[in-house]
Amino acid sequence: MPKKMIVTCLIFLVLGLAFHFGLRGCAQSEPKETSEQIQLPQPKQESEMSLEEAIMQRRSIRSYQDKPLKLETVSQLLWAANGKTGNKDHQRAAPSAGGLHPLDFYIVAGEGSVQGLEAGVWHYEPLKHSLSLVTRGDKREALMQVSLGQRQVGSAEIDLIVTIEFSRTTKKYGQRGRRYAYMDCGFACENIFLQVQTLGLAMCPIGAFNDAKVSEVLALPETHEPALLLSIGYPK
Ligand SMILES: Cc1cc2nc3c(=O)[nH]c(=O)nc-3n(C[C@H](O)[C@H](O)[C@H](O)COP(=O)(O)O)c2cc1C
């Protein structure tokens, strides 16, 4: 084969590989999941507390009873955060700039802290309303240590972690997309906060943590950047 042809073939091969891996790099990344999947119960559409009462009573609470949560409760909280609420996939419980939904939600559960859920880090799949196991084992203590030792993180029945994949929003809106992604996070978290109130639970938002170490403890995909932790349990 002439030298010129070999060089041309090599160039095409390199370009092909770069294109292939480049595209994969741009694709929405998914957490490394084990085969373990849990279908969540259907969320309820009514509660005993009015919206106004929930707003009035909402407070950040930092100490919790040692009392397990039901799977129904976790289902309700995740639905309020990002559950499907319309016929189209992007129609969710909380609004999102451009319907691009840059947020992911993880539950960190201990042994027996949620009935029917193994201790571990679980990823919420909003379109299936299910949980997928990411990592086994109780990570709450380790999470507390990388959150400036804040005790509520370790003593909560669950910690809910909200992550942002900025590229989902910045690919459309450029740098302004970062601002939108944080706003999306605020909308979703307030939904969770008010749902917490209606369920008689307590919650504290946690913004003070070491980003890189939280990602490491929870084995988060590189592109899922932790934005806010929510410690949740029954109030003491
Ligand atoms: C973005 C954000 C980050 C927060 N980070 C923490 C935190 O790291 N630790 C903490 O104890 N409370 C944290 N909080 C809770 C605030 O301290 C609390 O909302 C504020 O004191 C007002 O009290 P309230 O929520 O009871 O109305 C945070 C709240 C928000 C909105």
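Read-outs: derived from the displayed coordinates by stated rules, not from any lab. Note that the structure is a prediction, hence the values are computed from the model and not measured. Virtual Cβ from ideal backbone geometry, glycine too; neighbours counted across all protein chains shown.
For the chain, the dipole from Cβ point charges (+1 on Lys and Arg, -1 on Asp and Glu) about the Cα centre works out to 920 debye, to the nearest 20. The Cα center of region 52-74 and the Cα center of region 77-125 differ in position by 17 Å. With Rh defined as the Kirkwood radius, the inverse of the mean 1/r over Cα pairs, the Rg/Rh of the chain is 1.07.
Between Tyr180, Tyr124, Tyr106, which gets the highest mean-square fluctuation from a Gaussian network model of the chain, Cα cutoff 10 Å? Checking each option, the largest mean-square fluctuation is seen for Tyr180. A DSSP coil position with no more than 16 other Cβ atoms inside 10 Å describes the following trypsin sites (Lys or Arg not before Pro) in region 105-184: Lys128.
May I ask you to list the trypsin sites (Lys or Arg not before Pro) in region 55-89 that are in a DSSP loop and have at most 16 other Cβ atoms within 10 Å of their Cβ?
Numbers: sites: Arg58, Arg59, Arg62, Lys70, Lys84, Lys88; in loops: Arg58, Arg59, Arg62, Lys70, Lys88.
Loop-located and lightly packed - Arg58, Arg59, Lys70, Lys88.
Between Glu48 and His90, the distance separating the two model label sites (each 7 Å from Cα on the Cα→Cβ line) works out to 4.0 nm. How high is the FRET efficiency from Lys172 to Ile55, r the C-beta distance, R0 41 Å, rounded to 0.05? For Lys172 and Ile55, the calculated efficiency is 0.80.
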